[in-house]
Amino acid sequence: MDVLTIEELEATLGEQVRRSRIAQDLGQAELAQLADVSIRALGNLERGRGSSVATLIALVRALGRTTWLEDLAPAAQVSPMQMLRTSRRTPERTRVRHPRTQGRPR
């Protein structure tokens, strides 16, 4: 199992943003304006030189690729709090009733 370094992951992520921008026929200046980030911030991200999470999110939204972000943090199918509440519940006690037999006093 190959584990990429942070620098390698930043470069890969930047390359993906660059490819998506080019596929949509957008220049850096145009995408930066759409995302309301500086051209320098976009360039740094594309070159794998680091970026803020806010810049990344703004660019991903402007590119219409929010599924990238959804894949990072999928919605919880079961609420952890609900699981905790369920595990703390004690089962209800049921009363056992025996049928009466004829001729037997209580």
**Request:** Given the conditions (1) modelled with pLDDT of 95 or more; (2) within 19 Å of the chain's Cα centre (by Cα), report the number of the one that Arg65 does not fulfil.
**Result:** (1)
**Request:** State all residues of region 16-37 that are surrounded by 14 or more Cβ atoms within 10 Å (Cβ to Cβ) and of a type in the set (Gly, Ala, Ser); if no residue qualifies, say none.
**Result:** Ser20, Ala32, Ala35
**Prompt:** Which members of region 19-45 meet the condition of being of a type outside the set (A, V, I, L, M), more than 19 Å from Leu72 (Cβ to Cβ) and either in a helix (DSSP H, G or I) or modelled with pLDDT under 90 (or both)?
**Reply:** Arg21, Gln28, Glu30, Gln33, Arg40, Gly43, Asn44
**Selection count, region 55-71, where residues are part of a helix (DSSP H, G or I) and either in contact with a strand residue (DSSP E or B) (Cβ under 8 Å, 6 or more places away or on another chain) or surrounded by fewer than 12 Cβ atoms within 10 Å (Cβ to Cβ) (or both)** = 3
**Message:** Can you tell me which of (1) within 24 Å of the chain's Cα centre (by Cα); (2) at pLDDT 85 or above is the one Gln77 doesn't meet?
**Reply:** (2)
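The values are calculated or read from the model by the stated rules, or taken from the named source; none is laboratory data. All values derive from a computational prediction rather than experimental measurement. Positions of Cβ are backbone-derived with ideal geometry, glycine not excepted, and every protein chain shown enters the neighbour counts.
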